[in-house]
Amino acid sequence: MMQEHSETPNNFFDQSILDYKEGLNHLKDQLPRMTQGYFDFTESCFEAGAIDEKTKQLIALAISIYAQDEYCIIYHTKGATEHNASEKEIMETVAVSAALGGGAAMAQGVTLTMDSYHHYSNTEH
């Protein structure tokens, strides 16, 4: 599932995702059975079912913002964008997360999340 990349990213967002994937690969090398079970579980969780893939990415993004998990914020913003989430959908996800997570969630939402969205959607504020 996780593969090594020969290219060096030239931006913070892609470098962060690469760092995460390299960390997972190292863990997989050391604990192959445990990590494969995790990979299989998370992969199936994000497949379309009663909830479509974009909505699942938005849910994961809201939880990532609430949890202050910068790697997952970038990863799931990218995932939502790849499933055609609009800027307004990303912003509403930020708002829902901030409603539960307060100022810290709002700060992550209006900075890292929106910067990630603009990077992956190739738009500017």
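None of the figures in this text is laboratory data; all of them are computed from the coordinates on show. Computed from a prediction, not measured in an experiment: that's the story for all the values here. Virtual Cβ from ideal backbone geometry, glycine too; neighbours counted across all protein chains shown.
When only C-alpha pairs under 8 Å and at least 6 residues apart count, what is the relative contact order of the chain, in percent? Present the calculation step by step, with values, prior to reporting the outcome.
Working: 114 pairs, mean separation 27.3, N = 125.
It comes to 22 percent, rounded to a whole number.
Which of these values of Rg and Dmax of the Cα atoms in Å was calculated from the structure shown: [x] 14.8, 44; [y] 15.3, 59; [z] 17.0, 53?
Only one option fits the structure, namely [x].
Counting other Cβ atoms within 10 Å, which GluC sites (Glu not before Pro) in region 46-98 have at most 15 and lie in a DSSP loop?
Working: sites: E47, E53, E70, E82, E87, E89, E92; in loops: E47.
Of the GluC sites (Glu not before Pro), the ones in loops of region 46-98 whose Cβ has at most 15 other Cβ atoms within 10 Å are E47.
Run the reach check for K21 against lysines, Cα to Cα strictly under 23 Å, same-chain hits fewer than 8 apart removed. What comes back?
Excluding near neighbours in sequence, the set is K54, K56, K78.
As a test of the formula, what do you get for the chain when each DSSP H run with n ≥ 4 contributes -39,500 (n - 2.57) and the sum is divided by the residue count, at 222 nm and rounded to the nearest 500 deg cm²/dmol?
Details: 6 runs with 91 residues, N = 125.
After summing the helix terms and dividing by residue count, I get -24000 deg cm²/dmol.
Round to the nearest 10 and give me the degree value, 0 to 90, for the angle of helix 53-67's Cα axis relative to the longest principal axis of the chain.
Once rounded, one gets 80 degrees.
Given the options A98, A107, A48, which has the most mean-square fluctuation in a GNM of the chain, springs set between C-alpha atoms less than 10 angstrom apart?
Maximum fluctuation in the GNM of the chain, among the listed residues, is at A48.
Just S64, S16, S86 to compare: in a GNM of the chain, with alpha carbon springs under 10 Å, which one fluctuates most?
Evaluated over the chain, the most mobile residue of the options is S86.
List every residue whose amide H lies under 5 Å from the amide H of H83, counting only residues 5 or more places away in sequence or on a different chain, with H placed 1.01 Å from N in the peptide plane.
Amide H neighbours of H83: none.
Add +1 for every Lys or Arg and -1 for every Asp or Glu among the other residues with Cβ under 12 Å from the Cβ of A62, and state the total.
On the way: positive: K56; negative: D69, E89, E92.
Neighbourhood net charge equals -2.
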